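Peer 1: Handing you this structure, nothing more for now.
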Amino acid sequence: MNAAIDRAGALNGRLNAFTQIFDSPGAPRPGPLSGMPVAIKENICTRRGLSTAGSRILEGYRSPFDATAVARLLDAGAVVIGKTNLDEFGMGSSTEHSPHGPTRNPWDLDRVPGGSSGGSASAVAAGIVPVALGSDTGGSIRQPAALCGLVGLKPTYGRVSRYGLIAYASSLDVIGPISRTVTEAARVLQVIAGPDEHDSTCSKRPVPDLLTSLESPVENLRIGLVRSMLSGANHPAVNQAIEASAARLADAGATIVDVDLLDPDIAIATYYIVAPAEASSNLARFDGVRYGRRAAIPNDASLDDLYRASRTEGFGPEVRRRIMLGTHVLSSGYYDAYYLRALKARRLIRNDFDRAFDTHALHALLMPVTPGPAFRIGEKDKDPLALYLEDVYTVGVSLAGLPAIAMPAGMTEGNKPLPIGVQLVARPFDEPTLLRVARTLERLSPPMNFPA
Ligand code: GLN
């Protein structure tokens, strides 16, 4: 614990992974994770320190309670050593949209760690903590994990309680671990998952044992390879990592089956209607009166002036853009054409995954996480659409609510090689199979040489 705190202090000036470091950890409780130092994304509430979701509108906010996932980690003996940087409210893929400034990727300090859980990924890749919690609405655990050479586990929607997760898009949001190994991810999911009376959307299904089965070989493994996603628009190392992973799984005795899925552009279009719509509704509470930082206004100003001033000052440009998009697609006259249509498309996307799994009797799907490796800080800053396209392979899985894992599978070439990830996707609530397939692939993949 002390080594983790020291390392965080030594490296954070360069990485900006942590928004806060807690220096006196206290004695850990006994339990399966006793003494394990962990970091928590700042949109997840902790009684200790601040929980601002990276937004000025929540400046100085202290939560009176721990999120269920955090409370369960503490009960299991883990020790929270700090809170991590993120894109404001989780909206972004680069951890550049934060009042704390951008977080840096330990593999190359001029590059982004991905986002929105970029602070959590940077902290794990830098060897500060073995595990950090992130949240994933459309890729925010998987994409930073891929860009930092890590394992990022997005559980099935409803597998982990959202109680204490500051809402972005409630029908998509889920908490999960970012770690260096599949086993660590499984250990943490085992602790944080399961029913919670504080979240009515949290599944009542009991959580199976994820650890004993982890090392047992998956018999007659059937893996669907989504070949249409090996696009020429991807960085060549992405397509190579997929081919190499398929070959490794085939060596392990798996049958690789080519499968088709709907064009991922449909998922992007659908996600960027559904997520902003829900965000505009969730963020309506921050009015500077009941919730959120209040702007200073003249005495004769109206209530509308107060709302306008508080929300304009409190939200960053990307969040304002999402609120405007979301408000538009929900407004009368546009609701049917955009929002309702997106909900129908979402159902088709889920049906399409179900069909792929059923017709080929698959254990998992193999696909890319991102079109390329970590990009330079500032590279996609000016073009929101370019940043949205970073999510092309992750948002469909989120809309379908399926469990997925990103894991390292290769490196780019050149004098500053960067990690490349691949994504495995399983059926709803089948985390045991997802983790066993991932562990099988991990055993056959070359180890990552993390920067010192
Ligand atoms: N990049 C996506 C977005 O901006 C996903 C973010 C997330 O999963 N929180 O919405």
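Peer 1: Need the failing condition index for E442 against (1) assigned to a helix (DSSP H, G or I); (2) more than 21 Å from A247 (Cβ to Cβ); (3) open to solvent by 20 Å² or more (accessible area, probe 1.4 Å), just the number.
Peer 2: (2)
Peer 1: Where in the stretch 118-231 are the helices (runs of 4 or more DSSP H), entirely inside, with at least 1 residues that are more than 16 Å from the ligand (Cβ to nearest atom)?
Peer 2: Helices (runs of 4 or more DSSP H) meeting the threshold: 118-125, 182-192.
Peer 1: Looking only at residues in the stretch 59-84 that are away from the ligand (no atom under 16 Å from the Cβ) and hydroxyl-bearing (S, T, Y), which one is most open to solvent (accessible area, probe 1.4 Å)?
Peer 2: Y61
Peer 1: Which helices (runs of 4 or more DSSP H) does the stretch 247-365 wholly contain that include 2 or more residues that are in contact with a Gly (Cβ under 7 Å, 6 or more places away or on another chain)?
Peer 2: By residue number, 264-282, 303-314, 341-359.
Peer 1: Now for a different question. Hey, can you tell me all the residues within the stretch 380-400 that are free of Cβ contacts under 8 Å to residues at least 24 places away in the same chain and part of a loop (DSSP other than H, G, I, E, B)? Spell out how you get there, then give the answer.
Peer 2: From the stretch 380-400, those free of Cβ contacts under 8 Å to residues at least 24 places away in the same chain are 382-383, 385-386; that's our starting set.
Passing the criteria: K382, D383.
Yes or no, residue by residue, for (1) modelled with pLDDT under 95; (2) farther than 24 Å from T183 by Cα; (3) open to solvent by 20 Å² or more (accessible area, probe 1.4 Å):
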position	(1), (2), (3)
P195	no, no, yes
E219	yes, no, yes
R222	no, no, yes
A252	yes, no, yes
V259	no, yes, no
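Peer 1: State all residues of the stretch 85-100 that are away from the ligand (no atom under 11 Å from the Cβ) and either open to solvent by less than 20 Å² (accessible area, probe 1.4 Å) or among the polar types (S, T, N, Q) (or both); if no residue qualifies, say none.
Peer 2: N85, S98 - these are the residues of the stretch 85-100 that are away from the ligand (no atom under 11 Å from the Cβ) and either open to solvent by less than 20 Å² (accessible area, probe 1.4 Å) or among the polar types (S, T, N, Q) (or both).
Peer 1: Go through the stretch 264-311 and give me each residue that's among the hydroxyl-bearing types (S, T, Y) and over 18 Å from L340 (Cα atoms).
Peer 2: Y291, S302, Y307, S310
Peer 1: Scan the stretch 267-286 residue by residue and report those that are surrounded by fewer than 18 Cβ atoms within 10 Å (Cβ to Cβ) and either within 16 Å of the ligand (Cβ to nearest atom) or under 17 Å from S93 (Cα atoms) (or both). Outline the logic, then answer.
Peer 2: Kept after step one, since they are surrounded by fewer than 18 Cβ atoms within 10 Å (Cβ to Cβ), are these residues of the stretch 267-286: 269, 281, 284-285.
Correct list: A269, S281.
Peer 1: Can you list residue pairs whose Cβ atoms sit under 8 Å apart, with the first residue in the stretch 341-358 being in contact (Cβ under 8 Å) with a residue 40 or more places away in the chain and the second being open to solvent by 40 Å² or more (accessible area, probe 1.4 Å) and outside any helix (DSSP H, G or I)? Count only pairs 6 or more apart in sequence or on different chains.
Peer 2: What qualifies is L348/L262; I349/L262; D352/L262; A356/D260; F357/R427.
The values are calculated or read from the model by the stated rules, or taken from the named source; none is laboratory data. As the structure is a prediction and not an experimental result, all values here were calculated from the model. Methodologically, a virtual Cβ is constructed for each residue, glycine included, from the backbone with ideal geometry; neighbour enumeration extends over all protein chains shown. Side chains included, ligands, DNA and RNA excluded: accessible areas come from the protein's heavy atoms. Shrake-Rupley method; radii C 1.70, N 1.55, O 1.52, S 1.80 Å.
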